[in-house]
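First comes the structure, then the notes that go with it.
Read-outs throughout are calculated quantities, based only on the coordinates presented, and are distinct from any laboratory measurement. For clarity, every value in this text was computed on a predicted model and none was experimentally measured. Reconstructed Cβ throughout: ideal geometry from the backbone, glycine too, with neighbour counts over all protein chains shown.
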Amino acid sequence: MRNAHKYLDHVSIFLGQVAMLLVCLLVGSMLFEVAARYVFQAPTLWAFDLSYMFNGSLFLLAGAYSLKHEAHVRIDFLSRQLPIVIQQNLNGLVYAFLAGPAFAVFAWIATEKTYKAYLTGEVESTSPWAPLIWPFYAALAIGLIAFTLQLYLEASKFMLRVAAPGHCAEAGDVSHD
């Protein structure tokens, strides 16, 4: 079980690093577009498409990383009043039986959409550049799959009492108050 935890955590970290790289590519492409448009009076055809593709991809690819490091918004003003064991059980159940299945469905749909776009050679229909769309869909599907797996991993950590809500596991800061 611990090997599976470590492996999935490493996948999340890797995808988080890919997302960080996409941020750099996004900034670089936007700087290039601004220079091309305003300095050389030659706007690019691809800047808008790359901006939404990079932004959407990095958002979903970083989801599992954010969940692993608890870098997401947590609204827990009520649950913080409960004993830590109940908090762990509640979070484990919500992740495993509400969020996990919902994101599994999203991942399935995104994977199907990616496959269909790949088979048909679908291009972005509203773009003058008309790039193939399946790589973007694939990044979204990979991010959703990784997020779903990380949800189940975090649920198991809560249920096994390895993690507590609001306490990042890397810090070893699981208190039992």
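Annotations for the structure displayed:
- Of all lysines in the structure, those lying under 25 Å Cα to Cα from LYS6, and not within fewer than 8 positions of it along the same chain, are LYS68, LYS157.
- Peptides 81-88, 39-46 ranked from most to least packed give 81-88, 39-46, packing being the mean of other C-beta atoms within 10 angstrom over each peptide's residues.
- Annotation for ILE13 and PHE97: the two label points, set 7 Å from Cα along the Cα-Cβ direction, are 3.3 nm apart.
- The chain - charge dipole about Cα centre, Lys and Arg +1 at Cβ, Asp and Glu -1, debye rounded to 20: 240 debye
- Taking the Cα centre of the range 1-78 as reference, the dipole from Cβ charges on Lys and Arg (+1) and Asp and Glu (-1) amounts to some 200 debye.
- Over all pairs of different C-alpha atoms, the range 77-124 has a mean inverse distance whose reciprocal, the Kirkwood radius, equals 13.4 Å.
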